[in-house]
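Encoded as structure tokens, the structure appears first; notes follow it.
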Amino acid sequence: MAAMAALAAAVLAAAVLTGVEAQCPSPSALRTANGTRICAQLYADDSVYYDKCCAGPVLVVDPGADVPYMPHNWAARISSLVVGTRCELTVWPRAGKKGKSRRFSAGAVPRLQEVRRGLFSDWNDAIRGYYCKCN
């Protein structure tokens, strides 16, 4: 019994050390491996637990990206996002950058379902176009 408990503790420690739990990166950490700035990162998954948000597939947004139509398999799929330092992300709920836009400044939004879009809806799985700029 003690051996099984030790094994379970080792597996749990390995899972934590390898980053199984996702957490939103800080805005200042948004850079490529060679140090180039990233305007924003859009994530397909979120969770009811904040330390597990910003997970799943990620769409990297470069500074100056103007995308009126989301790439294949990304339309209406974004559940969390992080905007880089001194950057601003503008999003639209309809393709072709139509509908009432919303601007996100530098920071993390782990759960877009907590960001209101009108009276009865939210921004979870609603982004269908974006523009990102950095100063």
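Hey, got the dipole for the range 40-135? About the Cα centre, +1 on K and R Cβ, -1 on D and E Cβ, debye to the nearest 20?
Around 440 debye, computed over the range 40-135.
At 1.4 Å probe size, with every protein chain present, just tell me what the per residue accessible area of the range 21-135 comes to in Å².
I get 54 Å² per residue for this part.
Could you name the lysines in cross-link range of Lys52, using Cα to Cα under 28 Å and dropping any fewer than eight places away on the same chain?
Leaving aside lysines fewer than 8 places away in the same chain, those within reach of Lys52 are Lys133.
Heavy atoms only, probe 1.4 Å: what % of the accessible area of the range 45-115 goes to carbon and sulfur, would you let me know?
Here it works out to 49 percent.
Extension gain Tyr49-Thr32, at 0.36 nm per residue separation less the Cα-Cα distance, in nm?
Net length gain for the segment: 3.4 nm.
For the range 35-135, what is the per residue volume of the convex hull drawn over the alpha-carbon atoms, in cubic angstrom?
About 96 Å³ per residue, rounded to a whole number.
The values are calculated or read from the model by the stated rules, or taken from the named source; none is laboratory data. Predicted, not measured: the structure shown is a model, and the values here were computed from it. Heads up, the Cβs are rebuilt from the backbone with ideal geometry, glycines too, and the neighbour counts pull from every protein chain shown. Note: areas computed on protein heavy atoms with side chains; ligands, DNA, RNA excluded. Shrake-Rupley method; radii C 1.70, N 1.55, O 1.52, S 1.80 Å.
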